[in-house]
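Coordinate-derived values only; no laboratory data. Note that the structure is a prediction, hence the values are computed from the model and not measured. Cβ sites come from the backbone with ideal geometry, for glycine too, and all protein chains shown count toward neighbours.
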Amino acid sequence: MYFVRHGETDWNREARLQGQRDTPLNALGREQARFAAEILARHVPDPASLDFVASPLSRTVETMEILRRTLGLDPGSYRADPRLVELTFGRWEGQTWREVRRHDPAQASLRERDKWNFVPPEGESYAMLRDRIRPVLAELRQPTVLVSHGGVARVMLNILAGLREEEAPRADIRQGRVLVFEGGRHRWS
């Protein structure tokens, strides 16, 4: 499994919680998508032999299409799976963590104590996201490039690489890199 987080958006740059808001890539994000494709090209002799699946949000769709074009593949020949959308931060989406801590300090404090199980107001926890992602992973039948979001990658670290629930939500999921899952382990390329 080759996981690629979507490239940067302006909301990433501003440290805003995007969740399921449909924010587009910025110029750096497009460059990060091309760079991730170059990494894949160095590690995968025949990219056409891989399955390609993406979240349907525009930032992941654009990342996937840039990646496939850079690999010399038809940009539109991949599957979109709505179960791969980012976890939702509910009413917190669009805010920075500083704003959340100022407007909702009690809830922000609760989240810091248990990021895995905490459910933001009208949102979703990592535990809930794991329940949504697990069937997607179980359905994969061949080596796959999956383009999705930071929260999805953190859940995959828990499911596929055994990262503990206390550790997974704190994992740094980089843009413009490839997270490789193989044999119960993970590594960055």
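General observations
- Residue satisfying condition, being in contact with a Lys or Arg (Cβ under 9 Å, 6 or more places away or on another chain), surrounded by 14 or more Cβ atoms within 10 Å (Cβ to Cβ) and within 25 Å of residue 33 (Cα to Cα), within set 163, 129, 146: 129
- Subset of the stretch 41-55 that is assigned to a loop (DSSP other than H, G, I, E, B) and of a type outside the set (D, E, K, R) - its residue that is surrounded by the fewest Cβ atoms within 10 Å (Cβ to Cβ): 45
- Of all residues in the stretch 67-88, those satisfying the criterion of being over 16 Å from the mean Cα position of the chain (by Cα) and either crowded, with 19+ Cβ neighbours inside 10 Å or in a loop (DSSP other than H, G, I, E, B) (or both) are 68, 71, 72, 73, 74, 75, 76, 77, 78.
- Every condition in (1) of a type in the set (Asp, Glu); (2) more than 17 Å from the chain's Cα centre (by Cα); (3) surrounded by 21 or more Cβ atoms within 10 Å (Cβ to Cβ) is met by residue 62 except one, and the failing one is (2).
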